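Student: Mind having a look at this structure? Questions to follow.
The values are calculated or read from the model by the stated rules, or taken from the named source; none is laboratory data. Bear in mind that the values here come from a model prediction, so they are computed numbers and not experimental data. Because the Cβ atoms are built from the backbone with ideal geometry, glycine has one as well, and the counts that use them run over all protein chains shown. Surface areas here come from the heavy atoms of the whole protein model, side chains and all, with no ligands, DNA or RNA. Shrake-Rupley method; radii C 1.70, N 1.55, O 1.52, S 1.80 Å.
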Amino acid sequence: MDFLKTIPFSTGCQIIATHPCGLIAINKKAGRASHPNKNPSKNDKPSMIRAKYNFRDEYYSWIDDNQQKQHLYLVNRLDSPTSGVILAATTPEIAELAKEQFRNKLVDKKYMAIVVGKVFPNTELWKNKLSTQNSGKFVRSNTSKDSSGKIAITRYKVECFDENNAKLSLIRLEPQTGLTHQLRVQCALHRYPILGDATYGNFAVNKKMKSISKINRLFLHCLSTSLKFDVDGKTIEFFAEAPLPESFNKIIRYNNQIKKHFF
């Protein structure tokens, strides 16, 4: 699609998969917002696409080199500190069909995270009741003990421990539900906060690892997304995978600069 070449992506964001129906997958860089803030401020993170955003109909718009107005419809979002797969569509009809799969919890999403601590057991299903508080520009989630909370369900699997004796674990996270900050909150609740999490994390470890590694990010990455839906009697199957960022390998794999501070 020539149209795709006109999308004004921010640095570090790019298309990683497309489908003839108009569904596309973008690899979003950590530190890029899924879309601009509705009430912008000077502290906002840059959005993954440098274009105007329609909040009512959830699409980006821009003028291409031929002076034609183009639209790209956002299907789902990631927190700005999170990197990885995010979906969009070239038409509102395809976007709505894909969104319906998210609403019905029929989308398979896999995340990778580096967490503080050696996770045990090797695999488990977490179930926690969470509630969300919205205070101005900030949204926070936490445990809930009343009827207002919703159940968050996530399965995790330990991939490996770090090679530097820094007591870190690389884990795969498969959310069965999609609540606000679900993975970040559940990891923290189970005493394995995600490295680099400035809201729910272990701030002392975050500061130390940032100082040693010179890497400043939340170590949460949407590795893959897959879904299927019917269009005009035909089943569309879509899968996209975003490679694990090199920053993860720099923390997990042997790194003499990190090792000498922990061994």
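Student: Given a 1.4 angstrom probe, what's the average accessible area per residue across the chain, in square angstrom?
Tutor: Each residue of the chain exposes 53 Å² on average to a 1.4 Å probe.
Student: Over 27 Å between Cα atoms: which of K118/K210; K5/K250; K109/K214; K42/K260; K29/K109 fall into that group?
Tutor: In this structure, K5/K250; K109/K214; K42/K260 lie more than 27 Å apart at Cα.
Student: Which whole-angstrom value gives the distance between the alpha carbon centres of the range 165-180 and the range 60-120?
Tutor: The distance from the Cα centre of the range 165-180 to that of the range 60-120 comes to 19 Å.
Student: If I model a spin label at N54 and Q176 as a point 7 Å from the Cα along the Cα→Cβ vector, what separation in nanometres do I get?
Tutor: 3.8
Student: Debye calculation, C-alpha points only, no solvent: report log10 I(q)/I(0) for the range 22-81 at q = 0.12, 0.16, 0.19, 0.20 Å⁻¹, in the same order as the q values.
Tutor: Reported log10 I(q)/I(0), two decimals: -0.30, -0.54, -0.75, -0.82.
Student: Turning to a different aspect of this structure: How large is the charge dipole for the chain, taken about the Cα centre, if only the Cβ atoms of Lys, Arg (+1) and Asp, Glu (-1) carry charge, to the nearest 20 debye?
Tutor: The dipole of the chain has a size of about 1360 debye.
Student: Continuing with this model, one more query. Of the heavy-atom accessible surface of the chain (probe 1.4 angstrom), what whole percent is carbon and sulfur?
Tutor: 48
Student: Additional query: Taking every pair of alpha-carbon atoms in the range 108-263, what share in percent sits in each 5 Å bin, from 0 to the bin with the longest distance?
Tutor: Once binned at 5 Å, the Cα pair distances of the range 108-263 give 2, 9, 17, 19, 18, 14, 10, 6, 3, 1, 1, 0, 0.
Student: Where does the chain land on Rg/Rh, using Cα atoms and the Kirkwood Rh?
Tutor: 0.98
Student: When N counts the residues of the range 26-173, how does its alpha-carbon radius of gyration compare numerically with 2.2 N^0.38 Å, as a ratio?
Tutor: 1.27
Student: Still on this structure: Working from Cα positions, state the angle (0 to 90°, nearest 10) between the long axis of helix 92-103 and the longest principal axis of the chain.
Tutor: The angle comes out at about 30 degrees.
Student: I want to check the label-to-label distance for N66 and N122. Put each point 7 Å from Cα in the C-beta direction and report it in nm to one decimal.
Tutor: If labels sit at N66 and N122, their model points lie 5.6 nm apart.
Student: Take D65, D44, D230 and sort them by solvent-accessible surface of the protein heavy atoms, 1.4 Å probe, largest at the top.
Tutor: So the residues, ranked largest to smallest area, are D65, D230, D44.
Student: Between N39, N76, N164, find the one with the highest GNM mean-square fluctuation for the chain; connect C-alpha pairs within less than 10 Å.
Tutor: Greatest mean-square fluctuation among the candidates belongs to N39.
Student: Summing -39500 (n - 2.57) over the DSSP H runs of n ≥ 4 in the chain and dividing by its residue number, what mean residue ellipticity at 222 nm do you reach, to the nearest 500 deg cm²/dmol?
Tutor: Calculated from helices alone, the mean residue ellipticity at 222 nm is -5000 deg cm²/dmol.
Student: How long is the gain from K5 to R253 if the chain were fully straight, where each residue apart is worth 0.36 nm and the alpha carbon distance is subtracted?
Tutor: Separation in residues times 0.36 nm, less the Cα-Cα distance, equals 85.7 nm.
Student: Could you tell me the convex hull volume per residue, in Å³, taken over the Cα atoms of the range 207-258?
Tutor: So the per-residue hull volume is 77 Å³.
Student: Could I ask something else about it? Counting DSSP beta bridges with both partners in the range 1-88, what percentage is antiparallel, nearest 5?
Tutor: Among the beta bridges of the range 1-88, antiparallel pairing accounts for roughly 95 percent.
Student: Further question on the same structure: In degrees between 0 and 90, to the nearest 10, how far off the longest principal axis of the chain does helix 203-213 point, with axes built from Cα atoms?
Tutor: Around 80 degrees separate the two axes.
Student: Given R₀ = 51 Å, FRET efficiency for F203-F239 by Cβ-Cβ distance, to 0.05?
Tutor: Efficiency computed from Cβ-Cβ geometry: 0.90.
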